[in-house]
Amino acid sequence: MNRTFYRTVLATALALGFGVAAPAFAQTASGPVSSLSAGTMAIVNGVAIPLSQLDEAVRLAGQKGHQPDTPQLRQLLKQQLIARELFRQGAEKAHYDAKPEVQQAINAAKINAETQLYLKDSIHPEPVTDAQVKARYDEIVASLGKEEYKPRVIAVSDPMTAATVVSELKAGKAFDVLAQQYSVAPSKASGGQLPWVSFKTPVIEGKTNGLPLAVAQAITQLPVGGVTSEPIPAGNARFILKLDAKRPTQVPVFDQIKDTVRQQLQALAFEKAVMQFTGDQMKHATIQQ
């Protein structure tokens with residue numbers, strides 16, 4: 001077994017959570033050289049691995065890992081596919097294919113694949129027009145106030161945790177550190193930092209760019225560097241805010257954000273189509289719960 005192949009097998013096994021003992025690297029004589037048929041990547045114990053599997057692995061490596069298509073990458077992936085085929089043959093020889101958990105996984109994969117294809121062919125969202133994109137852009141611009149704000153937020157789910165955060169802030173602990181420690185909001189990883197946001201003042205319900213009304217109102221009242229002295233209740237959460245910066249609103253140019261606006265509208269159109277399709281399916285189904 002050559003070193004490159006062994007390392008590939010080792011990496012594959014470790015990725016699956018297994019330890020692998022290293023065998024001695026004995027030098028073995030090369031087998032007879034034979035040409036492979038077109039479209040075949042390798043033949044393992046008489047089983048052909050199609051070249052299309054390697055091409056797909058390269059595509060996924062580029063898509064998910066941003067790895068360029070190089071001879072080195074293809075060689076690495078080729079060895080991994082060969083190792084996988086060896087593992088597959090060993091598992092089937094030991095009749096692992098008949099184990100209940102394997103059959104369950106096969107059935108789940110079948111259901112997922114056929115469902116995805118069915119939905120792809122059945123759900124047809126309305127196309128987003130240029131006029132809709134421009135109208136949404138105008139709506140966004142009209143919702144902006146004279147100033148925009150760069151806030152941070154710590155969102156917690158109970159009053160006791162909120163009181164602890166406020167107490168530690170008053171004791172001098174950094175806001176971003178507390179956000180990473182206590183916040184349940186998606187922004188916790190960035191120390192509670194939110195994007196620039198703008199509202200017309202006084203802030204009214206439905207014109208808050210997705211923030212709770214009380215939170216948006218508090219943001220407009222904070223001085224730069226200021227922190228709310230008490231937690232702000234909104235829904236089932238408590239919010240502690242800090243204002244990092246404030247500036248005159250910078251209205252985005254249409255050509256700069258039209259693609260983003262289009263993507264947002266397409267996502268909404270798809271969501272609407274999914275809901276309509278699901279409703280139609282349930283309307284004509286017999287369901288007992």
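The table that follows gives values for the structure above.
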item	result
Criterion: without any contact (Cβ under 8 Å) to a residue 12 or more places away in the chain and out of contact with any Gly (no Cβ under 8 Å at 6 or more places or on another chain) - qualifying residue of A216, A163, A189	A189
One residue from A162, A216 being surrounded by 19 or more Cβ atoms within 10 Å (Cβ to Cβ), touching a Lys or Arg at 6+ places or on another chain (Cβ under 7 Å) and not acidic (D, E)	A162
Residue selected from segment 120-148 under the condition without any contact (Cβ under 8 Å) to a residue 24 or more places away in the chain and in a helix (DSSP H, G or I), by the criterion surrounded by the most Cβ atoms within 10 Å (Cβ to Cβ)	A135
P151 being over 30 Å from P231 (Cα atoms) and either touching a helix residue (DSSP H, G or I) at 6+ places or on another chain (Cβ under 6 Å) or outside any helix (DSSP H, G or I) (or both)	no
Condition check for K120: outside the structural domain of T220 (by TED's automatic domain parsing) and out of contact with any Gly (no Cβ under 7 Å at 6 or more places or on another chain)	yes
Criterion violated by V197 - all others in (1) among the hydrophobic types (A, V, I, L, M, F, W, C); (2) surrounded by 14 or more Cβ atoms within 10 Å (Cβ to Cβ); (3) closer than 30 Å to H124 by Cα satisfied	(3)
Residue among K93, K78 that is over 24 Å from the mean Cα position of the chain (by Cα) and free of Cβ contacts under 8 Å to residues at least 12 places away in the same chain	K93
Residue match in segment 158-177 (condition: in a loop (DSSP other than H, G, I, E, B) and under 26 Å from the mean Cα position of the chain (by Cα))	no
One residue from G225, G279, G210 being touching a residue at least 12 places away in the same chain (Cβ under 8 Å) and either closer than 30 Å to A131 by Cβ or not charged (D, E, K, R) (or both)	G225
Answer residue from segment 219-239, given it is over 31 Å from the mean Cα position of the chain (by Cα) and buried (at least 16 other Cβ atoms within 10 Å of the Cβ) and is farthest from D176 (Cα to Cα) among those	T220
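The values are calculated or read from the model by the stated rules, or taken from the named source; none is laboratory data. For clarity, every value in this text was computed on a predicted model and none was experimentally measured. Quick reminder, even Gly has a Cβ in these numbers, built from the backbone with ideal geometry, and neighbours come from all protein chains shown.
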